[in-house]
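K.L.:
Here it is, the structure, as structure tokens.
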Amino acid sequence: MKVFNFMGWRLAAVVFSAVLLVTSIGSLAVRQLEWGLDFTGGTLVEVHYGDSADLDAIRNTLDSGGYEGATVVSFGTDQDVLIRLPSGFTDADGAAVLAVLSDASDAAVELRRTEFIGPQVGEELREQGGLAMLLALGLVMLYIGFRFQLKFAVGAVAALVHDVLITLGFFSVLGLEFDLTVLAALLAVIGYSLNDTIVVADRIRENFRKLRRAEPVEVINISLSETLGRTLVTSLTTLLVLISLAVFGGEMIHGFAVALIVGVVIGTYSSIYVSATTLLLMGVSKEDLMIPVKEGAEQDDLVP
Amino acid sequence: MLNKYPLWKYLLVLGVVCLGLLYAAPNLYTPDPALQITGESSAQVIDEATLRRATDALEEAGIDHFGEEIDEDGRNALIRLRSRDAQLRAQARVSRALGDGFIIALNLAPTTPDWLLAVGAQPMKLGLDLSGGVHFKLEVDVDAAVERRMEYYYSAIRRALREERIRGRVTLDGDRRVALEFRSEEDREAARSIVADNHPELLLDRIDEENSWRLHADMTDVSVDEIIDYAVSQNLTTLRNRVNELGVSEPLVQRQGRARIVVELPGIQDTAEAKRILGKVANLEFRLVAGPDAPAAEKQRFEYRSEERAGAYEWLERDIIITGERVSNAQASFDQNGQPNVQISLDSEGGTLMNRATRDNVKRRMGVLFIERKYRTRYEEQPDGSEVPVKVPYDEKKLLTAPVIQQALGAQFQITGLDSPMEASELALMLRAGALAAPITFVEERTVGPSLGAENIRLGVKSVQVGLALVVVFMVLYYRVFGLCAVVALTANLMLLVAFMSLIGATLTLPGIAGIVLTVGMAVDANVLIFARIREELREGRAPQMAIHTGFERAVSTILDANITTLIVAVILYAVGTGPIKGFAVTLSIGILTSMFTAIMGTRALVNLIYGGRRLRHLAIGKDIVQGDAA
């Protein structure tokens with residue numbers, strides 16, 4: 001089979017990743033994230049109008065009804081309207097908004113959903129989310145360190161941090177709403193990207209033991225070429241279902257699907273370049289992976 | 001021989017798939033929209049006549065209905081409707097026809113055939129985002145509960161010192177400490193032994209300074225936790241009772257974390273009504289049982305609240321000794337003889353009042369009344385001839401118990417003569433529930449309308465279908481016969497996932513559906529890994545049978561590593577996530593587990609069946625590999 005010289009391009013990859021990372025971190029620092037209601041707290045009402053809804057009229061109705069500062073946007077179709085009240089309104093306001101709108105409109109206004117999140121809940125959720133992310137990274141690093149070797153664990157975590165940051169950056173740059181489902185997607189990205197990275201790492205380990213005379217760069221190139229087919233096919237099938245979810249799944253799940261699509265694309269790239277480049281940077285060699293006893297046994301475990 | 005499974009392995013795979021089919025099957029039967037009729041009190045029996053009144057009302061309104069049934073003990077009745085749109089109208093009609101005393105709830109009646117129910121197969125429960133309904137998260141103000149307890153200690157200690165004629169200064173110091181200060185060491189030691197006797201749960205600490213002997217009584221973390229647990233469990237009980245009043249078919253009231261309670265009410269749209277009922281306060285009254293010669297104007301008749309004593313009643317005096325606000329704690333316990341009792345603590349004012357009322361009435365009986373605010377529906381005619389239901393509040397007072405007063409009571413006394421420890425703990429809970437409960441606030445509220453719920457199901461199912469179809473087409477085109485095997489395994493995996501979720505009673509939510517979709521995409525990964533290996537082995541010039549064999553062998557450890565790490569992430573998601581995120585984590589984890597079975601064992605069984613034990617020159621695993629095309 002053909003062996004691609006992946007690592008020959010690693011400088012370009014480092015530059016590419018660095019640009020993406022700097023953009024992401026910069027945007028996260030400056031623009032931050034468009035936190036969804038789950039995290040900020042506040043009140044949200046989604047209503048459905050019989051005819052297409054006049055957003056300006058709705059805004060005026062709400063302003064005169066004592067709900068100043070409400071954001072009114074259409075949601076999916078022009079008949080569905082999403083109203084967000086800034087925090088400070090109480091849990092009783094969701095129902096009240098519906099009453100105000102029903103009184104002002106000739107056509108029937110149907111309640112789709114209301115959400116009220118208290119400010120302390122939102123704050124806790126943000127903390128919990130960050131904690132979950134760190135916990136996931138930590139445990140995964142531990143597992144890989146145990147199953148493979150410390151350098152692999154660092155490589156895998158570097159790839160994960162890379163993927164999560166760039167996905168977050170994507171949401172920040174485009175100003176997409178970051179809600180609870182997106183957080184779930186982000187954790188799923190960690191799971192997915194890891195899956196990819198481990199398959200590659202598994203092959204690198206195998207080839208280091210098999211091709212004893214080859215240079216590390218060569219071994220990694222061979223391993224990446226061998227797993228390339230699988231990496232692409234799996235990413236493709238996952239992307240296929242995610243695109244289906246993004247197109248047909250409806251508004252409530254759209255952010256989730258988009259986050260995963262971005263994450264899967266980045267995750268595929270990072271499993272090829274980021275973790276392998278990190279391995280080379282740390283000077284991985286066959287000594288890291290040799291089994292001290294005998295070769296060929298099925299027991300591959302190495303404790304770093 | 002290579003690539004032949006022993007018969008039992010084929011049978012195992014076949015058996016698991018058949019079981020999966022059986023337990024996934026109930027989800028194919030769409031439930032009927034229905035009305036569920038329950039009596040407001042458990043004594044209320046629903047008979048044929050009641051049901052007829054309900055169905056007559058529906059016929060009058062021209063609402064199609066069928067399949068009426070009353071369950072065996074006459075507690076519930078079910079009326080199935082033809083259309084979901086008519087459900088609300090039907091509910092209004094039936095509650096009008098039956099009047100007060102009945103709860104009419106919207107319900108979705110499963111249509112699972114009896115033979116499936118007989119083996120314990122049930123359809124998956126739908127989350128609120130799919131079924132529509134209200135989700136509340138309430139927070140119990142535990143600080144207030146702790147503060148109340150401190151005030152109780154403060155006044156109890158002051159009273160005890162006064163009674164024992166010990167001079168000293170008692171103050172509240174911070175939110176966990178009562179500080180006492182004395183002029184002499186003797187006074188302090190006397191006070192110390194009293195406090196230690198009366199409140200063994202307090203942590204006592206002597207502090208000596210010049211001319212001042214002080215004593216710090218601190219509440220320990222353990223007792224603070226106990227108070228919090230009490231406050232939360234007390235609120236849980238009251239909320240459960242009230243939720244039942246709302247007439248929801250499958251409500252959920254659950255503690256979450258330290259001081260939060262989640263309430264989920266499927267099918268409820270009117271959040272204002274729900275909150276009014278959830279947020280109301282119950283109360284208690286202590287009154288003497290009226291003597292036999294008491295004039296009628298001075299006594300009132302009250303029925304017992306418990307089901308066992310339904311119909312029994314007592315005459316109580318009109319004068320109230322104390323109300324529930326004076327109760328600071330009630331706890332089920334046992335006396336020296338091992339008999340169950342309930343220990344009641346009152347605040348200082350309550351103790352004085354109780355003492356005054358009981359010291360001259362030893363050997364008489366005292367009734368404990370439980371008061372709940374309830375609502376009656378009245379129908380008011382509008383100018384245009386239509387009727388609107390109006391809720392009229394009233395207090396329902398029922399007797400909890402009426403024990404004999406054995407001696408003059410103070411701030412702490414006990415109710416004995418209870419039949420069982422169960423009765424004691426129930427009474428204690430009711431006393432606490434009736435006492436001024438720790439205040440609760442709504443910290444989160446989500447409502448999903450029924451139309452959005454239905455749409456979410458439709459969209460979710462569609463995205464699973466389209467996603468699956470795309471994967472099927474790709475896999476078959478790319479991997480040919482092997483792709484077909486993978487696709488069959490993938491379908492089996494979906495079915496097992498659904499079966500497993502139905503079996504363990506997991507709730508399906510919209511993020512849960514997203515998890516299923518993701519599983520479809522990722523589950524084929526195991527097969528892709530195996531097939532890529534087989535292709536490699538072929539390229540290296542191995543014989544087809546050998547290539548299949550080593551391909552499967554070698555891929556398994558990679559698959560395990562990859563899946564275990566994903567599982568770790570899913571478990572973390574479950575542990576820290578709330579509501580919808582948990583749903584996603586559950587489907588993702590189950591999906592990973594079932595996919596390992598189907599992708600490794602299931603696909604292997606199929607491949608073995610097709611290719612095993614034959615002489616092969618060629619494998620249909622994608623067009624670029626032909627036997628002998630060695631690298």
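K.L.:
What ranking of B:C485, B:C18 emerges when the number of other C-beta atoms within 10 Å of each C-beta is taken as an exposure proxy, fewest first?
P.N.:
Working: B:C485 27, B:C18 10.
The order, fewest Cβ neighbours first, is B:C18, B:C485.
K.L.:
What value, in deg cm²/dmol to 500, does the helix sum -39500 (n - 2.57) over DSSP H runs of n ≥ 4 give at 222 nm once divided by the residues of chain A? Numbers along the way, then the final one.
P.N.:
Numbers: 11 runs with 196 residues, N = 304.
Using -39500 (n - 2.57) per qualifying helix, the result is -22000 deg cm²/dmol.
K.L.:
What FRET efficiency, computed as 1/(1 + (r/R0)^6) with R0 = 35 Å and r the Cβ-Cβ distance, is obtained for A:S52 and B:F66, rounded to the nearest 0.05?
P.N.:
Numbers: r = 39 Å, r/R0 = 1.10.
That pair, A:S52 with B:F66, gives E of 0.35.
K.L.:
Contour minus end-to-end for B:N355 and B:I504, with contour as 0.36 nm per residue of separation and end-to-end as the Cα-Cα distance?
P.N.:
48.2 nm
K.L.:
Moving to a separate point now. Which value at 222 nm does chain B reach when only helices count, each DSSP H run of 4 or more adding -39,500 (n - 2.57), with the total divided by all residues and rounded to the nearest 500 deg cm²/dmol? Could the numbers behind the result be given before it?
P.N.:
Numbers: 16 runs with 292 residues, N = 631.
Using -39500 (n - 2.57) per qualifying helix, the result is -15500 deg cm²/dmol.
K.L.:
Using only the Cα atoms, what convex hull volume per residue in Å³ does region A:42-117 have?
P.N.:
Details: hull volume 5.6 nm³, N = 76.
Cα convex hull per residue, to the nearest whole number: 74 Å³.
K.L.:
Computed on alpha carbon atoms, what radius of gyration and Dmax characterise the protein assembly as shown, expressed in Å?
P.N.:
When restricted to Cα atoms, the protein assembly as shown yields Rg and Dmax of 34.2, 111 Å.
K.L.:
Between A:D106 and A:S64, with labels modelled 7 Å along Cα→Cβ, what's the label distance in nm to one decimal, could you check?
P.N.:
The modelled label-to-label distance comes out at 1.6 nm.
K.L.:
Roughly how many nanometres apart are two label points built 7 Å out from the Cα toward the Cβ at A:V217 and B:K4?
P.N.:
5.2
K.L.:
Can you give me the C-alpha center-to-center distance between region B:294-370 and region A:91-133, rounded to a whole angstrom?
P.N.:
44
K.L.:
What whole-number volume per residue, in cubic angstrom, does the convex hull of the C-alpha atoms of region B:168-277 give?
P.N.:
Values: hull volume 14.2 nm³, N = 110.
That works out to 129 Å³ per residue.
K.L.:
Taking a point 7 angstrom from the Cα of B:T491 along the C-beta vector, which residues in region B:566-596 have backbone N less than 18 Å away?
P.N.:
B:595
K.L.:
Order of A:M282, B:M366 from fewest to most other C-beta atoms within 10 Å? Mind dumping the intermediate values first?
P.N.:
On the way: A:M282 15, B:M366 23.
Fewest-to-most ranking of A:M282, B:M366: A:M282, B:M366.
K.L.:
Can I ask one more? In bins 10 Å wide, starting from 0, what share of all Cα pairs of region B:32-109 does each bin hold, as a percent?
P.N.:
With 10 Å bins starting at 0, P(r) equals 21, 60, 18, 0.
K.L.:
Report the GluC sites (Glu not before Pro) located in region A:9-118 that are in a DSSP loop and have at most 15 other Cβ atoms inside 10 Å of their Cβ, or state none. Spell out each step's value before the answer.
P.N.:
Working: sites: A:E34, A:E46, A:E68, A:E110, A:E115; in loops: A:E68.
Taking region A:9-118 and a limit of 15 other Cβ atoms within 10 Å, the loop GluC sites (Glu not before Pro) found are A:E68.
K.L.:
Please work out how much length the chain gains when fully extended from B:E298 to B:R240, using 0.36 nm per residue of separation minus the C-alpha to C-alpha distance, in nm with one decimal. If you can, show how the numbers build up before the last one.
P.N.:
Details: separation 58, 0.36 × 58 = 20.88 nm, distance 3.52 nm.
In short, 17.4 nm is gained.
K.L.:
Determine, from the Cβ-Cβ distance of B:D205 and A:Q32 and an R0 of 56 Å, the FRET efficiency 1/(1 + (r/R0)^6), rounded to the nearest 0.05.
P.N.:
Details: r = 49 Å, r/R0 = 0.87.
Efficiency computed from Cβ-Cβ geometry: 0.70.
K.L.:
Within region B:315-353, what residues put their amide N at less than 11 Å from the label point 7 Å along the Cα-to-Cβ vector of B:N198?
P.N.:
Inside the label zone: B:348.
K.L.:
First select every other residue whose beta carbon is under 10 angstrom from the beta carbon of B:P511; then total the charges, Lys and Arg +1, Asp and Glu -1. Provide the component values of the computation, followed by the final result.
P.N.:
On the way: positive: B:K582; negative: B:D129.
Spelling it out: positives minus negatives among the neighbours equals 0.
K.L.:
Percent of Cα-Cα pairs more than 18 Å apart in region B:306-452, please. Write down the numbers at each step before the final one.
P.N.:
Working: 7256 of 10731 pairs.
In whole percent, the share of Cα-Cα pairs in region B:306-452 beyond 18 Å is 68.
K.L.:
Evaluated at 10 °C with a viscosity of 1.306 mPa s, what Stokes-Einstein diffusion coefficient in µm²/s does chain A have when Rh comes from the Kirkwood expression over alpha-carbon pairs?
P.N.:
Details: Rh = 22.0 Å.
For these conditions, the coefficient is 72 µm²/s.
K.L.:
While we're here: Taking neighbour counts of Cβ atoms within 10 Å as a proxy for exposure, in what order, fewest first, do A:V14, B:V94 appear? Write down the numbers at each step before the final one.
P.N.:
Numbers: A:V14 14, B:V94 23.
Going from least to most buried by this count: A:V14, B:V94.
K.L.:
Of all the stretches in chain B, which is the longest one without any exposed loop site, taking GluC sites (Glu not before Pro) in a DSSP loop (any state but H, G, I, E, B) with at most 15 other Cβ atoms within 10 Å?
P.N.:
Details: sites that count: B:E40, B:E72, B:E164, B:E201, B:E210, B:E307, B:E308, B:E540.
Free of exposed loop sites, the longest segment is B:309-539.
K.L.:
Can you pull out the chymotrypsin sites (Phe, Trp or Tyr not before Pro) in region A:157-199 whose DSSP state is coil and whose Cβ has at most 15 other Cβ atoms within 10 Å? Write out the running numbers ahead of the final one.
P.N.:
Numbers: sites: A:F170, A:F171, A:F178, A:Y192; in loops: none.
Answer in residue order: no site qualifies.
K.L.:
Out of residues 5 or more away from B:L284 or on other chains, whose amide H comes under 5 Å of its own, with H placed 1.01 Å from N in the peptide plane?
P.N.:
Counting only residues 5 or more places away or on other chains, the set is B:G324, B:E325, B:I371.
K.L.:
7 Å from Cα along Cα→Cβ at both B:L567 and B:E151: what's the point-to-point distance in nm?
P.N.:
5.4
K.L.:
Further, regarding this structure: Report Rg(Cα)/(2.2 N^0.38 Å) for region B:419-527, keeping two decimals.
P.N.:
On the way: Rg = 23.7 Å, N = 109, 2.2 N^0.38 = 13.1 Å.
Ratio of Cα Rg to 2.2 N^0.38 Å: 1.81.
K.L.:
What does the convex hull of the alpha-carbon atoms of chain B project to on average, in nm²?
P.N.:
Orientation-averaged projected area of the Cα hull: 41.8 nm².
K.L.:
A further question on this structure: If R0 is 41 Å, what FRET efficiency do you get for A:A99 and B:Q407 from their C-beta distance, rounded to 0.05? Could you put the intermediate results ahead of the total?
P.N.:
Values: r = 58 Å, r/R0 = 1.41.
In this case the efficiency is close to 0.10.
Just so you know, all these numbers are worked out from the coordinates, no wet-lab data involved. The shown structure was predicted, so the numbers you read here are calculated from the model rather than taken from an experiment. Every residue, glycine among them, receives a Cβ derived from its backbone with ideal geometry; neighbour counts consider all protein chains shown.
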